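Structure, as structure tokens:
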Amino acid sequence: MTQEEMDVLTKHLSADKQFIHDGYYRLRELDERTYEFAFLVADACGATSVHPQITIEKQGDTWQAVKLLDFVSTPVETIVYSQETAQELSERLEQLCKQTLHAINQ
């Protein structure tokens with residue numbers, strides 16, 4: 001994810017989940033180089049679950065996915081960065097970023 005995309009996300013999202021267009025979104029800072037970026041869906045009882053939550057780290061001029069959790073998928077998904085998972089994590093981050101930017105621009 002580019003720094004420009006991250007700038008848009010930090011302008012519109014916060015550590016508290018907020019409903020935008022199609023669901024709840026959250027961008028929670030863990031430290032100055034690490035964030036949790038999440039889409040959350042509500043269940044019948046009103047609780048929310050991450051679908052997915054991606055931990056991203058600043059690496060040079062870009063933000064890279066290092067971990068993914070998805071509690072809505074069956075089975076639950078947990079993906080940690082490795083050479084084998086790098087491409088999938090990158091694609092899932094791109095997908096979540098596009099979904100979020102689309103929701104923001106509605």
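The values are calculated or read from the model by the stated rules, or taken from the named source; none is laboratory data. It should be emphasised that the depicted structure is a prediction, and the values quoted were computed from it without experimental measurement. Quick reminder, even Gly has a Cβ in these numbers, built from the backbone with ideal geometry, and neighbours come from all protein chains shown.
Just a few scattered comments:
- Strands (runs of 3 or more DSSP E) (entirely within the range 45-101) containing at least 1 residues that are within 15 Å of L27 (Cβ to Cβ): 48-59, 62-70
- Any hit, the range 10-23, residues being part of a strand (DSSP E or B), touching a strand residue (DSSP E or B) at 6+ places or on another chain (Cβ under 9 Å) and surrounded by 15 or more Cβ atoms within 10 Å (Cβ to Cβ): yes
- Residue selected from the range 66-100 under the condition in contact with a strand residue (DSSP E or B) (Cβ under 8 Å, 6 or more places away or on another chain) and of a type in the set (D, E), by the criterion farthest from L40 (Cα to Cα): E88
- Long-range neighbours under 9 Å by Cβ, at least six apart or interchain, first residue at pLDDT below 95 within the range 21-35, second of a type in the set (S, T, Y): G23/T48
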